[in-house]
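Student: One structure coming up, written as structure tokens, with questions to follow.
The values are calculated or read from the model by the stated rules, or taken from the named source; none is laboratory data. It should be emphasised that the depicted structure is a prediction, and the values quoted were computed from it without experimental measurement. Cβ placement follows ideal geometry from the backbone for every residue including glycine, while neighbour counts extend to all protein chains displayed. For accessibility, only protein heavy atoms count, side chains too; no ligands or nucleic acids. Shrake-Rupley method; radii C 1.70, N 1.55, O 1.52, S 1.80 Å.
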Amino acid sequence: MVEIQDTLVSMDLFTECFSCDLHACGGACCVEGDAGAPLDIDEIPDMEEAYELLHDELMPEACEVVERQGVAYIDREGQMVTSIVNGKDCVFAVKAEDGTTLCAIDRAYRDGRTKIQKPLSCELYPVRLGKVGGMTAVNYHRWAICGGACKLGRELKLPLFQFLKLPLVRAFGQEWWDECNLVYSELKKQGYLDK
């Protein structure tokens, strides 16, 4: 772990390569798992607003879930997460024409139809945030469905922290990310990344 400001950053962010490959996984992270995406309580109003905006684009089953329980619920571990359909699909998951699962919020954001961004935990994935004492732990979560992303990242020689630059800046600020870049440069200079 490397201490950067008030965070403890896993060395995996510097040593592992990653680049999402939707052709390989089909957007499985939006439908696999046993709970929705982790949410900060401050994100709930944005998720509710996104639901109102995107209602007609979502699966009817997703709308039924949201109307019944809201855009989020507390999972068995006590974490606030996005609501899911049939124990799997995020309520904001939609299918593209090629069958790939996408986030309706992210698609609307990229199309310029909303300023609301998808949950930070989704944008940061495969990084997950946790708490260690009074500090935020920034960890790499390995999941078999991301095998294609790991392979593509290695081909591109793209370190995980660089792939996640925009969401990491969103989470911690540009100065924090610049410090990550300095750590990476130092590790590279010392030959640590060549091992």
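Student: Out of the range 13-46, which residues are assigned to a helix (DSSP H, G or I) and open to solvent by less than 40 Å² (accessible area, probe 1.4 Å)? Give the steps one after another, and end with the answer.
Tutor: To start, the set of residues in the range 13-46 that are assigned to a helix (DSSP H, G or I) comprises 13-15, 22-25, 28-30, 41-46.
Within the range 13-46, 13, 14, 28, 30, 43, 44 qualify.
Student: Looking at the structure I just gave you, is residue 78 open to solvent by less than 20 Å² (accessible area, probe 1.4 Å), out of contact with any Leu (no Cβ under 7 Å at 6 or more places or on another chain) and outside any helix (DSSP H, G or I)? Let's see the steps before the verdict.
Tutor: Details: open to solvent by less than 20 Å² (accessible area, probe 1.4 Å): no; out of contact with any Leu (no Cβ under 7 Å at 6 or more places or on another chain): yes; outside any helix (DSSP H, G or I): yes.
So residue 78 does not fit the description; no.
Student: Can we say residue 8 is part of a strand (DSSP E or B) and open to solvent by 20 Å² or more (accessible area, probe 1.4 Å)?
Tutor: When the stated conditions are applied, residue 8 passes them.
Student: Looking at residue 3, is it open to solvent by 70 Å² or more (accessible area, probe 1.4 Å) and within 25 Å of residue 130 (Cα to Cα)?
Tutor: Yes; evaluated as a whole, the condition is true for this residue.
Student: Pairs only if they're at least six apart or on different chains, beta carbon under 7 angstrom, first in the range 16-45 and under 29 Å from residue 157 (Cβ atoms), second among the aliphatic types (A, V, I, L, M) and part of a loop (DSSP other than H, G, I, E, B); list them, first residue then second.
Tutor: 17/158; 18/158; 19/158
Student: So, residue 132, is that one touching a residue at least 24 places away in the same chain (Cβ under 8 Å), within 23 Å of residue 9 (Cα to Cα), touching a Leu at 6+ places or on another chain (Cβ under 8 Å) and open to solvent by 50 Å² or more (accessible area, probe 1.4 Å) or not?
Tutor: For residue 132, the condition - touching a residue at least 24 places away in the same chain (Cβ under 8 Å), within 23 Å of residue 9 (Cα to Cα), touching a Leu at 6+ places or on another chain (Cβ under 8 Å) and open to solvent by 50 Å² or more (accessible area, probe 1.4 Å) - is met.
Student: Among the residues of the range 1-44, write down those that are among the acidic types (Asp, Glu) and under 12 Å from residue 90 (Cβ atoms).
Tutor: Here is the first cut: in the range 1-44, the residues among the acidic types (Asp, Glu) are 3, 6, 12, 16, 21, 32, 34, 40, 42-43.
Within the range 1-44, just 32 meets the criteria.
Student: Further question: Could you say whether any residue in the range 159-173 is of a type in the set (D, E, K, R) and in contact with a strand residue (DSSP E or B) (Cβ under 9 Å, 6 or more places away or on another chain)?
Tutor: No; the residues of the range 159-173 include none that is of a type in the set (D, E, K, R) and in contact with a strand residue (DSSP E or B) (Cβ under 9 Å, 6 or more places away or on another chain).
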